[in-house]
Amino acid sequence: MSEDTAEAGFAGLLRELKNRSGLSYGTLSKRLHMSTSTLHRYCNGDAVPADYAPVERLARLCKASPEELVELHRRWVLADANRGRRSGAADTPPADLAVPSGEPAPRRFRRPGRRALFTGIAVVAVVGAVALTANLYPGGADDSRDGPVGAASARGDGKHHSAGSPAAPSHAPSSAPASPTGRAKGGSAEPDPASASPSAAGGAAPAGVPLTVTTQPYSWEDPCSQHYLIDKPPAKVAPPPVAEDATAWVAAAGAVSAGEQYVTLTVQGSGKKTVVLNSLAVRTTGRGAPLAWNDYTMGVGCGGGVQTRSFAVDLDAARPAAVPRAGQRNFPFKVSESDPEVFYVKADASAYDASWYLELNWSSGTRHGTVRIDDHGRPFRTSGSAGRPGYEFIIGGNSWTRATS
């Protein structure tokens, strides 16, 4: 394999982390619950994992720095895309994603095969249990904002929900009122075919948008940080999932992020030109009283760190904004086909049950526009949880128990 391929760059960093850790392939494979031969193939560049989750677990075991985690994710995105362009076939999720030893085996959810849609301009979820897409629409200087564009929201009635997913609160919108047609207004300095085209079906972007966005709406900052509100008693709630199955678990439980929501965005150019990411805005579509549901925590006794390209959103503020966390730089950023960026957005809510989405403003040469980023056509939803009954699932236990603090 040529050392200048995307796969070689990804494998090279994996080998560097592995060698620096001083741990053997056998030791790492046992801790990761994957075969030694599979780990060898990943580190030698003979195979690229179909999911990023085992890669991140390996990197954290090898004490990768936050900067190295970002670089590893970037290289995995490129290697995964390169593999998809070569094969043109559906990927099969690896069988190595087992529940860590000593933890209860949660209900497993079969994940569909993923196809890399890199013909034309496509929005593809390359990470997570369920493909989640960002709705893209061209923007203009008039800064008008209509309802979401795309098959998931094209009806314009704001009532599209995936099966088993929690519905957003039906509050009067505080911003971004829905359009009767679900179309966006605006133009660009250079005529863009996308401005005259209907929304693309199936999550594909309108023609002419020079970037793709991969959205993980249910990321975890660390394995034990996340809480969810669920309108069910403990006996009716499945054990907590491993991080890569969070999306399917949330959908099955009808859960809503409690207190905070951690969203990961991977933004990549789709053509030869560099795309400037000018700003990231927060739009709220509704607020109500915090949900009076039970609070379930995903684990006990963990801690995490602030990652690069990390932004905080206070959903209780009068005008929520994406603010760089301590020590992090702010927009603008640049992306291209060979140089993606990964952003981490942590939204906090205590006083409200808030529905919200993000708008990413971009420009490339004389063209410019806006990308709406949400949960597959629906707003993200984050609710305060103060005073709600809390439950935890102790490692080695077999049921939810009332939290002691």
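The values are calculated or read from the model by the stated rules, or taken from the named source; none is laboratory data. What you see is a predicted model, and the numbers here were worked out from it, not measured in a lab. Just so you know, the surface numbers come from the protein's heavy atoms only, side chains and all, with ligands and any DNA or RNA stripped out. Shrake-Rupley method; radii C 1.70, N 1.55, O 1.52, S 1.80 Å.
Name the long-range amide H neighbours of E260: under 5 Å, sequence gap of 5 or more, or other chain; modelled H, no Pro or chain starts.
Amide H neighbours of E260, under 5 Å, 5+ apart: H227, A349.
In what sequence, largest accessible area first, do R367, R329 appear using a 1.4 Å probe?
Of R367, R329, the descending order of accessible area is R329, R367.
Full-extension gain between K30 and R325, please, as 0.36 nm times their residue separation minus the C-alpha to C-alpha distance.
Answer, rounded to one decimal: 102.7 nm.
Determine the per residue accessible area of the range 332-405 with all protein chains present and a 1.4 angstrom probe, expressed in square angstrom.
Ligands and nucleic acids excluded, the result is 38 Å² per residue.
Give me the percent of the accessible area of the range 1-83 that comes from carbon and sulfur atoms, probe 1.4 Å, all protein chains in place.
Carbon-and-sulfur percentage of accessible area, whole number: 49.
For D231 and A292, compute 0.36 nm times the residue count separating them, minus their Cα-Cα distance, and round to one decimal in nm.
Extending this stretch completely gives an extra 21.2 nm.
Quick one: accessible surface of S364, probe radius 1.4 Å, all protein chains present, in square angstrom to the nearest 10.
10 Å²
What full-extension length gain, to one decimal in nm, is calculated for E67 and E16 as 0.36 nm per residue of separation minus the Cα-Cα distance?
That pair, E67 and E16, stretches by 16.9 nm at full extension.
With a 1.4 Å probe and all protein chains left in place, how much of the accessible area of the range 305-405 comes from carbon and sulfur atoms, in whole percent?
Answer for the range 305-405: carbon and sulfur cover 48 percent of the accessible area.
E16: accessible area at probe 1.4 Å, nearest 10 Å²?
The accessible area comes out at roughly 100 Å².
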